[in-house]
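Notes follow once the structure below has been shown.
The values are calculated or read from the model by the stated rules, or taken from the named source; none is laboratory data. On a predicted model such as this, the values are computed, not experimentally measured, just so you know. Because the Cβ atoms are built from the backbone with ideal geometry, glycine has one as well, and the counts that use them run over all protein chains shown.
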Amino acid sequence: MLDWFWTIPAVPLVGFLILTLGPSLPRAMVSGIALGTSALAAGLAASLAVTLLHQGFHPVGHTQALWTWMDLAGFTPRIALYVDALSMTMVMIITGVGVLVQLYATEYMSDDSDYQRFFAYMSLFVGAMLVLVLADNFLLLFLGWEGVGLCSYLLIGFWYRDLLNGLAARKAFIVNRIGDTAMIVGLCLLFTELGTLEIQAVLRQAALQWTIGHPMAIAATALLLGAAVGKSAQIPLQVWLPDAMAGPTPVSALIHSATMVTAGVYLIARTHTLFALAPATQTAIVVIGTTTMLFAASSALVQRDIKRIFAYSTISQLGYMFMALGVGAAGTAIFHLFTHACFKALLFLVAGALMFSLHHEKDLLNMGGLRRDLPFVFWAAVIGAASLSGLPFITAGFFSKDQILLQAWRSPSGGLWLLTAGLLGSMLTALYSFRVVFLAFFGDKHSEVTRSPGWRMTVPMGVLAALSLGVGWLGWSARAEEPSWFLRLMDTAMPVHQPYLVTDAQAGTIALLASGAALLGTGLAYLMYMQRPAVLESVGETEAVQTIRRFLLRGWGFNWVYRWTIQKPFGYLARTAKVDILDQGYERLIMRPFLWIADINRDDALDRVYGGLTRLVEQSAVTAGRLQTGQVRWYSTVLVAGALGLAGFAVLS
């Protein structure tokens, strides 16, 4: 199997090519191709995981070089894949959640006119994400990085006939380009200083050439952090993710909760050796993650759109992962990434099931009383909310979040202040999570159920609900001094950083505090939305509370700040600087002399040559214009054909 693991990303990419380049297919065939390729990729991934577990993971993973990408003056990046415990965990998440979400989508999207296009985009995303996490070098990783960004843009704006969806897609695309620019500069710096872009070689060279606190290490990691902040929607580049909920709900479940947005976490974890050389950057990660976690948790409290609530929740949980990365607990961050993929994908599928049953209703206040009409969805929502909240011992979220809080407390770069912030975030998480459950499934009914989800929607929710309860035990250890099975597994790919010896008493104290925070938030939600809703309503009518509510509803006003400090000033300059000094200079120094020379040489032989060239260009433009059919499928065919031609030329040469 180790000789064939390149087929894991290849299979969904083949599915994308079939759905894109082939003719319009019946929906059953589209479903079969999309699900078949996803299931095959998941099966291959499971087989590889079993093989690696049987042979034993090693600190030096397995590399598979397919061919040399280019050879330019000693720069010879390869199309090569690398698998170890970290990348294998990511592959299992991507393929496992991917096949469940695509099964769900075959029913959720069954009435959509662009059914084939949707699954083509989803297959392309799965393939691009697998390339990202399996890449042996930064250049190939960046190709996957841009691929998932492209798919995010295409799927957010999938229903492009609605102007707001197009604007949301454009916003996500532009904001992510900021982080991507930082990544390009960072990769150039790494290549210039270390002479290679192979990830493992970069990590070895950095450890040999740079000391802790070296300026180049700080600069490189700061640029990589900028890329991670953009992709993982951390402050100040978090503004795109809530608007990304314009896309279909299966997109939100797979791309914007379980996989793509965790790419930034993966990038930092993969390059943990670099970040260990830059304590200043690690401190920045802690500050960014903690601030983002509290910002998003507070903003989720007042949202009415159920998908926006879970979008802010995703931002908040990514903040927890950044907190763990910042204190050096990369294995703990990946464990929370793993559990989060299960319960957050479940919650988005629950949101989709509610919208599916209520004729696309997204307003939480227009729901209510649905637990009898949709009992399965109700229990799935309870399990997802409990795991997100970290209710003790029975949910996966408890085990991963408890480990983050423990590491945040014991780390030299953390302490009591970081633990307090984490506990506050945990309490707010439970409050907004069970706010959704109580408002959607209890109280008076405000909307009638028009249809119920079928088995293709309920089976994925059932599997994810079971995982949301069970996978947390992979991170449990009978003794605090001994790392869990999952952390030992991650230790083969990156060191599990535990600054001080943790005793059973200390671990028990943190578990008790984490449990108390989660139960307190759940109790407050019950009191506010079930027992005393009238009191909450009367308090909410005061001017002070309304002002705070508007502030939180608008996401702390980040969009307003960007609009008045960047967007409007730039637009003003663009409108008022149509003819600037440079334009006038070019006209006087170049255009007028050129026109004068043209006048006195109007009828010479050279003019005839230029006239012939002009007519040739005009005819070429007419011919090329006929290729502009407006059909995206035709454009994609030409693009893929050109790429395959270039790849063939590179291989043959």
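Looking for whichever is over 21 Å from S232 (Cα atoms) and either of a type in the set (D, E) or surrounded by fewer than 17 Cβ atoms within 10 Å (Cβ to Cβ) (or both) here; the options are L164, L190. Which one fits?
Going through L164, L190 in turn, the sole match is L164.
Residues are listed down the side, and each one gets a yes or a no for (1) in contact with a strand residue (DSSP E or B) (Cβ under 6 Å, 6 or more places away or on another chain); (2) within 27 Å of L354 (Cα to Cα):
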position: A34; (1), (2): no, yes
position: L40; (1), (2): no, no
position: A49; (1), (2): no, no
position: L52; (1), (2): no, no
position: G56; (1), (2): no, no
position: V60; (1), (2): no, no
position: A65; (1), (2): yes, no
position: G96; (1), (2): no, yes
position: V99; (1), (2): no, yes
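Checking V302 against (1) in a loop (DSSP other than H, G, I, E, B); (2) crowded, with 22+ Cβ neighbours inside 10 Å, only one condition comes out false. Which one?
Result: V302 passes all but (2).
Taking the condition assigned to a helix (DSSP H, G or I), closer than 30 Å to D491 by Cβ and more than 21 Å from the chain's Cα centre (by Cα), does L53 pass?
yes
Here are some residues: R479, R488, R549. Which one is of a type in the set (K, R), touching a residue at least 24 places away in the same chain (Cβ under 8 Å) and more than 24 Å from A430 (Cα to Cα)?
R479
Residues are listed down the side, and each one gets a yes or a no for (1) under 30 Å from W485 (Cα atoms); (2) of a type in the set (D, E, K, R):
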{"site": "F295", "(1), (2)": "no, no"}
{"site": "S298", "(1), (2)": "no, no"}
{"site": "V302", "(1), (2)": "no, no"}
{"site": "Y320", "(1), (2)": "yes, no"}
{"site": "A330", "(1), (2)": "yes, no"}
{"site": "A351", "(1), (2)": "no, no"}
{"site": "H359", "(1), (2)": "no, no"}
{"site": "R371", "(1), (2)": "no, yes"}
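Filtering segment 283-293 down to residues that are of a type outside the set (V, I, T) and buried (at least 23 other Cβ atoms within 10 Å of the Cβ), which residue is farthest from G326 (Cα to Cα)?
M293
Do we have I94 as surrounded by fewer than 22 Cβ atoms within 10 Å (Cβ to Cβ), within 23 Å of L154 (Cβ to Cβ) and touching a Ser or Thr at 6+ places or on another chain (Cβ under 9 Å) here?
Working: surrounded by fewer than 22 Cβ atoms within 10 Å (Cβ to Cβ): no; within 23 Å of L154 (Cβ to Cβ): yes; touching a Ser or Thr at 6+ places or on another chain (Cβ under 9 Å): yes.
Taking the combined requirement at face value, the residue does not satisfy it.
Please state which one of S252, S257 is under 30 Å from V185 (Cβ atoms), touching a helix residue (DSSP H, G or I) at 6+ places or on another chain (Cβ under 7 Å) and among the hydroxyl-bearing types (S, T, Y).
On the way: S252 fails: under 30 Å from V185 (Cβ atoms).
Going through S252, S257 in turn, just one is under 30 Å from V185 (Cβ atoms), touching a helix residue (DSSP H, G or I) at 6+ places or on another chain (Cβ under 7 Å) and among the hydroxyl-bearing types (S, T, Y): S257.
E198 passes all but one of (1) crowded, with 24+ Cβ neighbours inside 10 Å; (2) out of contact with any Lys or Arg (no Cβ under 7 Å at 6 or more places or on another chain); (3) among the acidic types (D, E); which number fails?
Here E198 clears every test but (1).
Picking from G368, G414, which residue would you name as being outside any helix (DSSP H, G or I), surrounded by 24 or more Cβ atoms within 10 Å (Cβ to Cβ) and either at pLDDT below 95 or out of contact with any Ser or Thr (no Cβ under 8 Å at 6 or more places or on another chain) (or both)?
When all the criteria are applied, what remains is G414.
Show me the helices (runs of 4 or more DSSP H) entirely contained within segment 483-586 in which 3 or more residues are modelled with pLDDT of 85 or more and under 24 Å from F398 (Cα atoms). First the steps, then the outcome.
Numbers: elements: 485-491, 504-526, 533-540, 543-553, 558-562, 568-576, 581-586.
Hits in segment 483-586: 485-491, 504-526.
Among D402, D444, which is the only one that is farther than 26 Å from I315 by Cβ and charged (D, E, K, R)?
Matching residue, one of D402, D444: D444.
Which condition breaks for V377 when tested against (1) buried (at least 24 other Cβ atoms within 10 Å of the Cβ); (2) within 27 Å of I334 (Cα to Cα)?
Against the list (1) buried (at least 24 other Cβ atoms within 10 Å of the Cβ); (2) within 27 Å of I334 (Cα to Cα), V377 comes up short only on (2).
Could you give every pair whose Cβ atoms fall below 7 Å, whose first residue belongs to segment 50-75 and is closer than 17 Å to M92 by Cα, and whose second residue is of a type in the set (A, V, I, L, M, F, W, C) and outside any loop (DSSP other than H, G, I, E, B), counting only separations of at least 6 or pairs across chains?
L52/M88; F57/A85; F57/L489; G61/V83; H62/V83
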